[in-house]
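Written out below as structure tokens is the structure these notes cover.
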Amino acid sequence: MLAKKKKRMTATAVLAILLIALISWIWWANTALELNIYRIASGGLPDGFDGYRIAHVSDLHNAELGEENEALLTILHDAEPDVIAITGDLIESRNTDIEIALQFAAKAVKIAPCYYVTGNHEARILEYSGFENGLIELGVVVLENERVELEIAGEAIALLGVHDPSFQSDGITPDETAIDRALDSIVEENDGYAILLSHRPELFDTYTEKGIELVLCGHAHGGQFRLPFVGGLAAPNQGLFPKYDAGLYTERNTNMIVSRGIGNSIIPFRFNNRPEVVLIELRAKG
């Protein structure tokens, strides 16, 4: 009888230790921000942009990694980017705290010029107009179906940014044709190398059809739960086992990089899916 009781106590202790270890690992994996680097080469890239570095931040969702996002800002600073691209969902619409996002932006613009496009969560908040004005006052360039030219020593590439299609509908269900129309208005025939900032990776076919060389997206959260040898489990607007959950995708002349993002939304934690900052280094092919 005593031996059985000891076995049960041992089994309970082992299970408790395993549970604590699992919870600790999940907590660590949700806060251990990592930097992932991609090198993208193109014969269409002007020589002056060889080695140009773009830090890509997506889906902060009001998360704070370190006090006032010190961990995130340190990674960005150490990456020495030429520009910082932010592809939407800086805020979390279900528990909105605009100040967290603005505090991050205020410090990010001191590291490098920041370019921002909206995500679906920005479309859901009544405070968006004030939030947008706050970003602009801090020096963030907000691209709402707009383009700018990035120049180095007389050479230029186009940077395009599209407003999230949720703004063209009810704030929940996106008007997916909106991005197609927006790109028609900002893509120019004489564009050489063009980079697009868009929240939504599920529209990869549209980006490919427009011949855009590099697209930066978020939204998928890496599939939230990543399974070994399988990838992400689910992503918004893609459903189960999403095709475009994280990493680099190439079709014809178009490369699309999908960030796993940083924060969470409906599901408050990730599994086997660390938050990330992406660094893209452009290379000119000789």
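The values are calculated or read from the model by the stated rules, or taken from the named source; none is laboratory data. No experiment lies behind these values; they were computed from the predicted model shown. Cβ sites come from the backbone with ideal geometry, for glycine too, and all protein chains shown count toward neighbours.
Miscellaneous remarks
- Where strands (runs of 3 or more DSSP E) fall wholly inside segment 207-286, no range has 3 or more residues that are without any contact (Cβ under 8 Å) to a residue 40 or more places away in the chain and crowded, with 19+ Cβ neighbours inside 10 Å.
- Against the test of being at pLDDT 95 or above and either surrounded by 10 or more Cβ atoms within 10 Å (Cβ to Cβ) or in the same structural domain as residue 193 (by TED's automatic domain parsing) (or both), the options 65, 19, 45 yield a single qualifying residue, 45.
- Residue within segment 134-146 that is among the polar types (S, T, N, Q), crowded, with 17+ Cβ neighbours inside 10 Å, under 27 Å from residue 79 (Cα atoms) and out of contact with any Leu (no Cβ under 8 Å at 6 or more places or on another chain) present: no
- Selection within segment 208-243 - out of contact with any Leu (no Cβ under 6 Å at 6 or more places or on another chain) and within 22 Å of residue 84 (Cα to Cα): 213, 214, 217, 218, 219, 220, 221, 222
- Segment 92-112 residues that are of a type in the set (Val, Ile, Thr), paired with ones that are assigned to a helix (DSSP H, G or I) (beta carbon under 8 Å, 6 or more apart): 98/130; 98/131; 98/134; 100/69; 109/138; 111/73; 111/76; 111/77
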